[in-house]
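The values are calculated or read from the model by the stated rules, or taken from the named source; none is laboratory data. No experiment lies behind these values; they were computed from the predicted model shown. A quick note on method: Cβ atoms are made from the backbone with ideal geometry, for glycine too, and the neighbour counts reach across all protein chains shown. Heavy atoms of the whole protein, side chains included, go into the accessibility calculation; ligands, DNA and RNA do not. Shrake-Rupley method; radii C 1.70, N 1.55, O 1.52, S 1.80 Å.
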Amino acid sequence: MSEQWISGMAFSTFSPERSESGVPVELDPREAIRDVAVEWQGRSAHGGTVGNLSFQSLHEAGRRDAAGVALAVNRVVEVHGLMGSIGEQLALAWAAELDAQRWRATAPAHDGPEQLGKQQLRRMATRGLCEMSTHFLLGASHSLANLVLRVVLLDTRAAGVIEADREGRRAGGFLPGTTNRRAWPTFSPSEHSLWNEVLPRAAAAGADELAAVVARLLQMQRDQRFVSLDDRRSMDYHRHRPQSLSHTSPRSGIASFDSESLTLSVDLPSHGDDAEHDERRVHAVALEALDLLKDTMEGLDPLLEAAARACHVDWAA
């Protein structure tokens, strides 16, 4: 009798089925994550007002260079727009994780050949939703780092350090609204001269409050939860993403050559699963990253305000 397994599957919606009993499944709503996401989204509604108030604050602080004042005003407006975008990304990541919970809760009550399709569907859908969540979390993390960079740039002394560096010159000064890709440097656990050398040095040259903002960002960069998030993304985007379904195409191949005996052998494998295909592991990465980003955003919130006000611009509290 030949082996039988499901090797291909497609489904037209990520919406999960109801439980076998028909009763809606119970979820962990993770309301603290939702609340931070909504609060940050709301900051973008105050960008125009904050910019106008910042114009007055800068004037009162003695700033008379019109070009510099305009740059600072536009920068603080951009920062509030970034906060709104980051909040939306966190909200989308949160929603995708809730749907992943729903799929996991609809697991068949019994194992058996007749349940194989449901099991594989649940695994594939859960992984897809968790990967969707991590996609938004990585985008939010990248934007959060660039937000911090732009808050540091509000200080003219700190900006001078950044703009004198090669990265700053290539970015054209990180002008508000720029589409220059070099003005939006990637943030990852890997050491990067801009994040790990230039930005701390710039913060030290400016207002005292800037150092705490940069230190809080770099704390996230070193966190193992962020490392795991980035590692999973690297595998899915740049290497061989594990397939959810069973197959007979092992990563190591099926042929081997013994250099001593000069023997070539080929094995016909039975169907099997990728070692990294477990949807529970992907879910754990997404959950930990959700908590990390929420905690980082909460921790940065008062620090960002203090740093901005030290640079004589207003802030939406």
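Among the residues of the stretch 139-189, those identified as open to solvent by 30 Å² or more (accessible area, probe 1.4 Å) and closer than 21 Å to Gln224 by Cα are His142, Thr186, Pro189. Between Ala140, Ala164, Ala183, which is more than 25 Å from Ala316 (Cα to Cα) and modelled with pLDDT of 95 or more? Among Ala140, Ala164, Ala183, only Ala164 is more than 25 Å from Ala316 (Cα to Cα) and modelled with pLDDT of 95 or more. Note on the stretch 61-78: among residues that are at negative phi and without any contact (Cβ under 8 Å) to a residue 60 or more places away in the chain, the one that is most open to solvent (accessible area, probe 1.4 Å) is Arg64. Scan the stretch 220-250 residue by residue and report those that are open to solvent by 40 Å² or more (accessible area, probe 1.4 Å), modelled with pLDDT under 70 and either on the phi > 0 side of the Ramachandran plot or part of a loop (DSSP other than H, G, I, E, B) (or both). The answer is Arg239, His240, Arg241, Gln243, Thr248, Ser249.
Within the stretch 161-183, residues that are in a loop (DSSP other than H, G, I, E, B) have Cβ atoms under 9 Å from residues that are aromatic (Phe, Trp, Tyr) in these pairs: Ala171/Trp184; Phe174/Trp184; Thr178/Trp184; Asn180/Phe174, counting only partners at least 6 apart in sequence or on another chain. When the stretch 1-56 is limited to residues that are modelled with pLDDT of 70 or more and among the aromatic types (Phe, Trp, Tyr), the one that is most open to solvent (accessible area, probe 1.4 Å) turns out to be Phe55. Checking each residue in the stretch 48-70 for being small (Gly, Ala, Ser), within 16 Å of Arg309 (Cβ to Cβ) and assigned to a helix (DSSP H, G or I) picks out Gly51, Ser54, Ser57.
In the stretch 297-317, which residue that is in a helix (DSSP H, G or I) and farther than 13 Å from Met83 by Cα is most open to solvent (accessible area, probe 1.4 Å)? Filtering first and then ranking leaves Arg309. Considering the stretch 281-296, the residues that are in contact (Cβ under 8 Å) with a residue 12 or more places away in the chain and not aliphatic (A, V, I, L, M) include one that is surrounded by the fewest Cβ atoms within 10 Å (Cβ to Cβ), namely Asp291. Cβ-Cβ contacts under 8 Å between residues 6 or more apart (or on different chains), taken from a first residue in the stretch 262-279 that is open to solvent by less than 70 Å² (accessible area, probe 1.4 Å) to a second residue that is charged (D, E, K, R) and modelled with pLDDT of 80 or more, are listed as Ser265/Asp258; His277/Arg123; His277/Arg127; Glu279/Arg104; Glu279/Arg122; Glu279/Arg123; Glu279/Arg127.
Taken over the stretch 190-210, the criterion of being over 23 Å from Lys294 (Cβ atoms), buried (at least 19 other Cβ atoms within 10 Å of the Cβ) and touching a Pro at 6+ places or on another chain (Cβ under 9 Å) is satisfied by Leu194 alone.
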